[in-house]
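What follows is a single structure, written as C-alpha cells, with notes after it.
The values are calculated or read from the model by the stated rules, or taken from the named source; none is laboratory data. Just so it is clear, the model here is predicted, and its values are computed rather than measured. Heads up, the Cβs are rebuilt from the backbone with ideal geometry, glycines too, and the neighbour counts pull from every protein chain shown.
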Amino acid sequence: MKRDIFQAIADPTRRAIIALIAIQAMTPNAIAEHFDTSRQAVSKHLRILAECEVIKQEQKGREIYYLLELDKMKEIDEWLEQYRKIWETRFEQLEEVLAVMKNEKAKD
C-alpha cells in the first residue's frame, strides 16, 4: 500500500517521532525511550514513517539510525502555503475592519 506524507503526520506519536529525529539521528531504542508504548508500537510507527519516505535508515556499525528526510517535509509546507495565503488575507481584512471600527468609535 502506497502511503503519503499526510498519513505520516496524522498520528501524534509519529509527529513526536519526527520532532525527535529532526534534532538528531536516533536509534529505534533511543526513540522508544521517549514513549510509554511498547518497542513494537514504536517500530510500527517507524515503519509507517519510512513507507511515507519521511525518514530513512542509516547503518552505522551495528546500529541503525533514523534520519529525517527534509525534502519530503517540504511537501507539507507546500500544501500548507495555499492556506497560509488565505489566512494572511483574512487577517489583513480583519485588520482593516478593526481600523474602520476604531476610527468610527473615535469620531463618536
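Cβ-Cβ distance below 7 Å, separation of 6 or more or different chains: which pairs start in the range 73-94 with a residue that is of a type in the set (Val, Ile, Thr) and end on one that is assigned to a helix (DSSP H, G or I)? Between residues of the range 73-94 that are of a type in the set (Val, Ile, Thr) and residues that are assigned to a helix (DSSP H, G or I), the close pairs are 76/5; 76/9. Highlighted here would be helices (runs of 4 or more DSSP H) found entirely within the range 1-100 that include at least 2 residues which are modelled with pLDDT under 90 and either polar (S, T, N, Q) or loosely packed, with under 11 Cβ neighbours inside 10 Å (or both), but there are none.
Criterion first (touching a helix residue (DSSP H, G or I) at 6+ places or on another chain (Cβ under 9 Å) and charged (D, E, K, R)) does residue 56 satisfy it? Yes: the conditions hold for residue 56.
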